[in-house]
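> Please find one structure pasted underneath; my questions will follow.
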Amino acid sequence: MPRLAATPEQIRATVLAMLTEAGDAAPPTAARFRRVVSVRKLRARLGGGDPATLSRTLNAIEAELVRAGLAEVAIPDIPPEIAESMRALWQAAVAVQLDEVVRLKREAQAAVEAAQAARADAELRIELLRQELTETRQALAARDTALAEARATQAAGIARADEQDARRGELEAALATALERATTGERAHAEAVAAIQARYEALSKQLLQETAHQRDAVQAERAQLAAQLKFAERRIAALEQERTRLDTDLASERAARQTAAGEASALKAVTASQRAQLDELLRATLAAAPKSRAPKSTGKPAGKRTAQP
């Protein structure tokens, strides 16, 4: 897991701790500061960090500490006025030199950053070129593989072509034989077709003749059927007239039957009435006749029975 970037306060505390651990109580100079503290040592002490950020922070801390040290410089065995003048001159010279050093450091830092950026770009370009080289090598390997496969396929195709040539020779011989057989077959087929054509023409003539005979027979039969149809129509008309007459006679007969039935009913009624009257007359006659004449009276009923039917 990457370590978090150190803050400026942590960097400052680490630098002061490194100067204290060096054991020099005097204010540090630029040379001593660089001997005690460097970007590499500071990065190792912090356990990581961006070199550019550490360098900028370290430059600011160096300028601050060196200027503070120059303000406290004391020159012994010199009168205070001269020492103050020398101190002022020294501080001015050091300030000018320090500004120049800071400017040079800034330019150097900018050059370093530009070089690092160029290096990063170069590394990225190199990485891209490596990737392209890897892809090119892979493509070349694939092309070599495809070329080997193509060569193998070509060799197989050449062998297959040789086989096909041999097979083609055999097929050409077989084709010549087949053409000869086909020519013979076509000749036989033409002869068979000519024979069939002749037979067909003979059968066509025979069929036409039979068709003409059948047509004549059908026409004669049709004429006969037409005559029979006319006779049947006349017969049907006569039968219809006969049926009409018979229906009329049947109706008359039914009316006569109904009349006869009515007359028979009336006759039955009259006969029944007469029979009742005759029975009453016989009973009266039998009642009025003497007992001696009873045998004679017995014959009347017999006569009555004979006359009754």
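A short reminder: the numbers here are calculations on the coordinates, not readings from a lab. Note that the structure is a prediction, hence the values are computed from the model and not measured. Here the Cβ is made from the backbone with ideal geometry for all residues, glycine too, and neighbour counts use every protein chain on show.
> Once each part is reduced to its C-alpha centroid, what is the distance from region 104-134 to region 138-152 in angstrom?
37 Å
> Further, regarding this structure: Can you compute the modelled spin-label distance between residue 168 and residue 139, with each label point 7 Å from Cα toward Cβ, in nm?
Those two pseudo-labels are separated by 3.8 nm.
> Right, next: Could you give the nm distance between label points at residue 110 and residue 85, where each point is 7 Å from its Cα heading toward the beta carbon?
My value for the distance between the label points is 3.9 nm.
> Determine, from the Cβ-Cβ distance of residue 230 and residue 210 and an R0 of 25 Å, the FRET efficiency 1/(1 + (r/R0)^6), rounded to the nearest 0.05.
Details: r = 30 Å, r/R0 = 1.21.
The value I calculate is 0.25.
> Applying 1/(1 + (r/R0)^6) with R0 = 22 Å to the Cβ-Cβ distance of residue 43 and residue 123, what FRET efficiency is obtained, to the nearest 0.05?
Working: r = 20 Å, r/R0 = 0.91.
The pair residue 43/residue 123 has a calculated efficiency of 0.65.
> Oh, and also: Please work out, to two decimal places, the log10 of the ratio I(q)/I(0) at q = 0.30 Å⁻¹ from a Debye calculation in which every Cα of region 155-210 carries one identical scatterer.
Listed by q, the Debye log ratios stand at -1.01.
> Right, something else. I need the phi-derived Karplus couplings for region 45-55: 6.51 cos²θ - 1.76 cosθ + 1.60, θ = phi - 60°, integer Hz, Gly and Pro marked x.
5, 7, x, x, x, 6, x, 5, 5, 4, 5
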